[in-house]
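Enquirer: Here's a structure for you.
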Amino acid sequence: MSAAPDPAPPTAPESPDHTPIAIARGLRKVYGSGDTEVVALDGIDVEFVRGQFTAIMGPSGSGKSTLMHCMAGLDRPTAGEAVVDGQSIGRMSERQLTRLRRTRLGFVFQAFNLIPTLTARENITLPVDLARGKLDKAWFDQVIEVVGLGDRLDHRPGELSGGQQQRVAYARALITKPSVVFADEPTGNLDSVSAREVLAFLRSSVDDLGQSVVVVTHDPGTASYADRALFLADGQVVGDLAAPTVDSVIESLREYSEQARAKASAAPARHDAGDAR
Ligand SMILES: Nc1ncnc2c1ncn2[C@@H]1O[C@H](COP(=O)(O)OP(=O)(O)O)[C@@H](O)[C@H]1O
Ligand SMILES: [Mg+2]
């Protein structure tokens, strides 16, 4: 922060963009039919805030991955609508969807999916190279600085730790300046030191780069890095916690699992293909 006096304010001060980065409207996803029918999403309405870090939590089988896949255009909902950065995914052709995924969305999966024969630098710039785009060098430098991989860029994935590989995967997801980065259990395969590294990086990608991040996790520690934790149960949003802490997340998880138990004992047993946990 400089102590110099502010320049004269512009006549129309630039208002911050409060439009949501992604919206789910009445999202419903049913897998299978008849006896094998599974309602993975049962009417989800949620707005993801731009420039925020959102954690999606809930028991195994509650629909977290399905929600993320529908929001990211990796799966089509049975009903309802997913809107990303003002664009309705359901109305897009496969071709438009592919383009949206390449240019506006970033993904990080549990398996890092790095190319072993390419260096960290080559892995990171791959999406730009594939799209035959021009690398924004200033942005690349900024991402690298936030990721903290400066001296490891010329190493191949096999020469990097799990946390470093995961950070390469994030840098690769960020390089196209996506509207939003989606990550499913981003720290699931990492030791606790590497997990903290990745979470600190995700946090600073939000704070320093203005990135919007949505992370699926079952870990209260991971959720505590987020600005908001959404809780799913049986394909519905059952809770929405601002500024989650480890304690408040654990408390919420306990509350929702008690609600679920009470509901289950009140209602007749229903088929549930989700794995019990
Ligand atoms: N491709 C699929 N085919 C059939 N059922 C599925 C499929 N994907 C997910 N499901 C079911 O949908 C429900 C929600 O799954 P999922 O979104 O993976 O939950 P979570 O990520 O919270 O563990 C579960 O009951 C799961 O078994
Ligand atoms: Mg999942």
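The values are calculated or read from the model by the stated rules, or taken from the named source; none is laboratory data. Nothing here was measured: the structure is a model prediction, and the numbers come from that model. Cβ: placed from backbone, ideal geometry, glycine included. Neighbour counts: every protein chain shown.
Enquirer: Of the residues that sit in the range 38-52 and are closer than 20 Å to S88 by Cβ and within 16 Å of ligand 1 (Cβ to nearest atom), which one is surrounded by the fewest Cβ atoms within 10 Å (Cβ to Cβ)?
Expert: G43
Enquirer: Within the range 86-100, track down each residue that is surrounded by fewer than 15 Cβ atoms within 10 Å (Cβ to Cβ) and either within 17 Å of the chain's Cα centre (by Cα) or of a type in the set (D, E, K, R) (or both).
Expert: R91, E94, R95, R99
Enquirer: Moving to a separate point now. Kindly establish whether G221 is touching a helix residue (DSSP H, G or I) at 6+ places or on another chain (Cβ under 9 Å), farther than 29 Å from V30 by Cα and not in a strand (DSSP E or B).
Expert: Yes; evaluated as a whole, the condition is true for this residue.
Enquirer: Moving to a separate point now. For V83, are the conditions met, namely being in a strand (DSSP E or B) and either away from ligand 2 (no atom under 16 Å from the Cβ) or under 13 Å from the mean Cα position of the chain (by Cα) (or both)?
Expert: Yes, satisfied.
Conditions tested, residue by residue: (1) surrounded by 17 or more Cβ atoms within 10 Å (Cβ to Cβ); (2) assigned to a strand (DSSP E or B); (3) at pLDDT 90 or above.
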residue: R102; (1), (2), (3): no, no, no
residue: G106; (1), (2), (3): yes, yes, no
residue: A111; (1), (2), (3): no, no, no
residue: P116; (1), (2), (3): no, no, yes
residue: L135; (1), (2), (3): no, no, yes
residue: W139; (1), (2), (3): no, no, no
residue: Q166; (1), (2), (3): yes, no, no
residue: Y170; (1), (2), (3): yes, no, no
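Enquirer: Which one is nearest to ligand 2 (Cβ to nearest atom), of the residues in the range 56-71 that are touching a Lys or Arg at 6+ places or on another chain (Cβ under 7 Å) and of a type outside the set (V, I, T)?
Expert: Here the answer is S60.
Enquirer: For the range 53-68, which residues satisfy the criterion of being assigned to a helix (DSSP H, G or I) and surrounded by 22 or more Cβ atoms within 10 Å (Cβ to Cβ)?
Expert: Answer for the range 53-68, where residues must be assigned to a helix (DSSP H, G or I) and surrounded by 22 or more Cβ atoms within 10 Å (Cβ to Cβ): K64, T66, L67.
Enquirer: State whether the residues of the range 193-204 include one that is part of a loop (DSSP other than H, G, I, E, B) and free of Cβ contacts under 8 Å to residues at least 60 places away in the same chain.
Expert: No, the range 193-204 has no match at all.
Enquirer: Run down R156, R172 and say which single residue is touching a helix residue (DSSP H, G or I) at 6+ places or on another chain (Cβ under 7 Å), within 28 Å of K137 (Cβ to Cβ) and charged (D, E, K, R).
Expert: Result of the check over R156, R172: R172.
Enquirer: Quick one: in the range 231-248, of everything that is more than 16 Å from ligand 1 (Cβ to nearest atom) and either touching a helix residue (DSSP H, G or I) at 6+ places or on another chain (Cβ under 6 Å) or at pLDDT below 90 (or both), which residue is farthest from D219 (Cα to Cα)?
Expert: Filtering the range 231-248 for residues more than 16 Å from ligand 1 (Cβ to nearest atom) gives 240-248.
Then drop every residue that is not either touching a helix residue (DSSP H, G or I) at 6+ places or on another chain (Cβ under 6 Å) or at pLDDT below 90 (or both), which leaves 241, 244, 246.
Details: L241: 15, P244: 12, V246: 9 Å.
Result: L241.
Enquirer: May I pose another question? Residues of the range 189-229 being surrounded by fewer than 18 Cβ atoms within 10 Å (Cβ to Cβ), of a type outside the set (V, I, T) and closer than 18 Å to L160 by Cβ, which ones?
Expert: N189, D191, S192, R196, A200
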